[in-house]
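The values are calculated or read from the model by the stated rules, or taken from the named source; none is laboratory data. In this text the structure is predicted, and so the values were computed from the model without any measurement. Reconstructed Cβ throughout: ideal geometry from the backbone, glycine too, with neighbour counts over all protein chains shown.
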Amino acid sequence: MPAIINQRMCAQIEGDFVVFLIGMRINHWWKVSQWGPVIMAFPKMIRELETHPELGYLGGFSGGFSNPNVNVQYWRSFEHLENYARSKTSVHLPAWQHFNKHIKQNGAVGIWHETYLVKAGQYETIYHHLPPHGLGKATTLIPASGHLESARGRIQSS
């Protein structure tokens, strides 16, 4: 288990980045054969992304088990995200094609995503008494001291 950092920290990242939220909702629990493949494909994609940093995935986390669920991801750029989604050599494309061919029309499972392009300096974070988390885990953590003690100071410094 990662060590808890017992001081106020904030995330620091150079340049623009992307926040990508993705999730699914099981609409028909009894149709495991329909939603099961969607669930099983996701960990394979994350493993692929984590072992290939050149793909532009910075990190992310799951919001836990809920229906619908959410996975928060941080990407270096929209181009990296789009290239991964459409790459013929990625784990994602076959899973996406399978969904579109076999599952999309039956409604057993719904999928969703939201993409946010974050310009350099247009974000603010704080973490206190936590192991590295969120954007701070995906990038660099620095002490939230001096002018970084307030949200206004952090947003103006990022």
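Annotations
- Residues of segment 38-59 satisfying the condition of being farther than 20 Å from Glu82 by Cβ and surrounded by 16 or more Cβ atoms within 10 Å (Cβ to Cβ): Val38
- Of all residues assigned to segment 1-22, none qualifies as being under 30 Å from Ser157 (Cα atoms), under 14 Å from the mean Cα position of the chain (by Cα) and among the polar types (S, T, N, Q).
- Annotation note: Cβ proximity below 8 Å between a residue of segment 73-100 that is without any contact (Cβ under 8 Å) to a residue 40 or more places away in the chain and under 22 Å from Met40 (Cβ atoms) and a residue that is buried (at least 17 other Cβ atoms within 10 Å of the Cβ) and hydroxyl-bearing (Ser, Thr, Tyr) (sequence gap 6+ or interchain) occurs for Tyr84/Tyr57; Tyr84/Ser90.
- Members of segment 138-151 found to be under 11 Å from Ile13 (Cα atoms) and of a type outside the set (Gly, Ala, Ser), listed by number: Thr139, Thr140, Leu141, Ile142
- Filtered by the rule that a residue be out of contact with any helix residue (DSSP H, G or I) (no Cβ under 9 Å at 6 or more places or on another chain) and either basic (Lys, Arg) or within 30 Å of Met9 (Cβ to Cβ) (or both), segment 89-117 gives Lys101, Lys104, His113, Glu114, Tyr116.
- If the condition is being in contact with a strand residue (DSSP E or B) (Cβ under 7 Å, 6 or more places away or on another chain) and either assigned to a loop (DSSP other than H, G, I, E, B) or under 12 Å from Val109 (Cβ atoms) (or both), then segment 14-40 contributes Asp16, Gly23, Met24, Arg25, Ile26, Asn27, Gln34, Trp35, Val38.
- Some residue of segment 63-82 being among the β-branched types (Val, Ile, Thr) and at pLDDT 95 or above: yes
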